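In what follows, a structure is listed as structure tokens, so that the remarks can point back to it.
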Amino acid sequence: MNTSPTVVNASDLHVSWWKSSASGAQSDCVECGIIDAASVAVRDSKVPNGPALIFGRDTFSAMIDAVAGGLV
């Protein structure tokens, strides 16, 4: 498990990045990638070589629930 909260160059992570199908052709999106069973990375799709934030899966899930519920 990656315990660092950030990675300087997201393209260094060996993950398959994806973004929401609701994003369509827009480039102003975040992309997510599963690092391992416990960690998920999030990066800006416009800057694939920029930093990525690393979340534990429980934290990531709680964040998605909060956004979906209109709390964030």
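How many residues are assigned to a loop (DSSP other than H, G, I, E, B), closer than 14 Å to TRP17 by Cα and not charged (D, E, K, R) if we restrict to the stretch 38-66?
Counting residues in the stretch 38-66 that are assigned to a loop (DSSP other than H, G, I, E, B), closer than 14 Å to TRP17 by Cα and not charged (D, E, K, R) gives 6.
Could you list, in sequence order, all residues of the stretch 53-66 that are among the aromatic types (Phe, Trp, Tyr) and open to solvent by 70 Å² or more (accessible area, probe 1.4 Å)?
Taking the stretch 53-66 as the starting set, the residues that turn out to be among the aromatic types (Phe, Trp, Tyr) are 55, 60.
Across the stretch 53-66, there are no qualifying residues.
Which of the residues spanning the stretch 16-37 are exposed (fewer than 12 other Cβ atoms within 10 Å of the Cβ), outside any loop (DSSP other than H, G, I, E, B) and acidic (Asp, Glu)?
If the condition is that a residue be exposed (fewer than 12 other Cβ atoms within 10 Å of the Cβ), outside any loop (DSSP other than H, G, I, E, B) and acidic (Asp, Glu), then ASP36 is the only one that fits.
Can you tell me which of GLY50, GLY69 is loosely packed, with under 15 Cβ neighbours inside 10 Å, small (Gly, Ala, Ser) and under 19 Å from LEU13 (Cβ atoms)? Please lay out each step first, then the result.
Values: GLY69 fails: under 19 Å from LEU13 (Cβ atoms).
GLY50 is the lone residue from the list that is loosely packed, with under 15 Cβ neighbours inside 10 Å, small (Gly, Ala, Ser) and under 19 Å from LEU13 (Cβ atoms).
The values are calculated or read from the model by the stated rules, or taken from the named source; none is laboratory data. Being a predicted model, the structure only gives us computed values, none of them experimental. Virtual Cβ from ideal backbone geometry, glycine too; neighbours counted across all protein chains shown. Calculation scope for accessible area: heavy atoms of the full protein, side chains included, ligands and nucleic acids excluded. Shrake-Rupley method; radii C 1.70, N 1.55, O 1.52, S 1.80 Å.
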